[in-house]
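The values are calculated or read from the model by the stated rules, or taken from the named source; none is laboratory data. Keep in mind it's a predicted model, so treat the numbers as computed, not measured. Virtual Cβ from ideal backbone geometry, glycine too; neighbours counted across all protein chains shown.
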Amino acid sequence: MSNIPEIGKIFFVQNGVRKNKDEVLEKWSKTDFVKAAGNVESKGWLLDVLMCVEKIKQAEFSLEDVYGFEEVVQAKHPSNNNERRRLSAVAVLRDKGVLDFVGRGQYRMKLKGR
């Protein structure tokens, strides 16, 4: 479960309590942007970037904060030499409604996983 972004953790039952169907379906609909991401590799990168963004744990963050995960991404994808370009997928997350663009390289999480 630790490899799944918070937004993708959709529980039908949590702590022994069954979740409301409408709540589950609403959370599920927030993940539609992944389906539209293209091939498996593109989806994987998008989820990796989302995991990096979630690890920042700040309401607002910069593209430079995301670039701070270059080594983490490089270790996960050793054959790739374009980590910065891939980490720039925050623009895709913005376009998909997951992030808000605040301005001048600053972003804010829009959708919460919880």
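What's the number of the only condition in (1) within 23 Å of Lys9 (Cβ to Cβ); (2) in contact (Cβ under 8 Å) with a residue 12 or more places away in the chain that Gly44 fails to meet?
The one condition Gly44 does not meet is (2).
Just the residues that are in contact with an Asp or Glu (Cβ under 7 Å, 6 or more places away or on another chain) and either of a type outside the set (Val, Ile, Thr) or closer than 20 Å to Lys30 by Cα (or both), please, taken from segment 57-86.
Glu70, Gln74, Lys76, Glu83, Arg84
Return the residues of segment 28-50 that are at pLDDT below 75 and either touching a Leu at 6+ places or on another chain (Cβ under 7 Å) or among the charged types (D, E, K, R) (or both); say none if nothing qualifies.
Across segment 28-50, the qualifying residue is only Ala37.
What residue, among those in segment 90-113 that are touching a residue at least 12 places away in the same chain (Cβ under 8 Å) and assigned to a strand (DSSP E or B), is nearest to Lys55 (Cα to Cα)?
So the residue we want is Met109.
Across segment 51-74, which residue is surrounded by the fewest Cβ atoms within 10 Å (Cβ to Cβ) among those that are of a type in the set (Asp, Glu) and either within 15 Å of Val98 (Cβ to Cβ) or modelled with pLDDT under 85 (or both)? So that I can check it myself, show each step before the final result.
Our first condition is that a residue be of a type in the set (Asp, Glu); within segment 51-74, this holds for 54, 60, 64-65, 70-71.
From the residues that got through so far, the ones that are either within 15 Å of Val98 (Cβ to Cβ) or modelled with pLDDT under 85 (or both) too are 54, 60.
Working: Glu54: 14, Glu60: 12.
So, considering only residues that are of a type in the set (Asp, Glu) and either within 15 Å of Val98 (Cβ to Cβ) or modelled with pLDDT under 85 (or both), the one surrounded by the fewest Cβ atoms within 10 Å (Cβ to Cβ) is Glu60.
May I ask you to verify whether Leu63 is over 23 Å from Ile10 (Cα atoms) and touching a residue at least 24 places away in the same chain (Cβ under 8 Å)?
Values: over 23 Å from Ile10 (Cα atoms): yes; touching a residue at least 24 places away in the same chain (Cβ under 8 Å): yes.
So Leu63 fits the description; yes.
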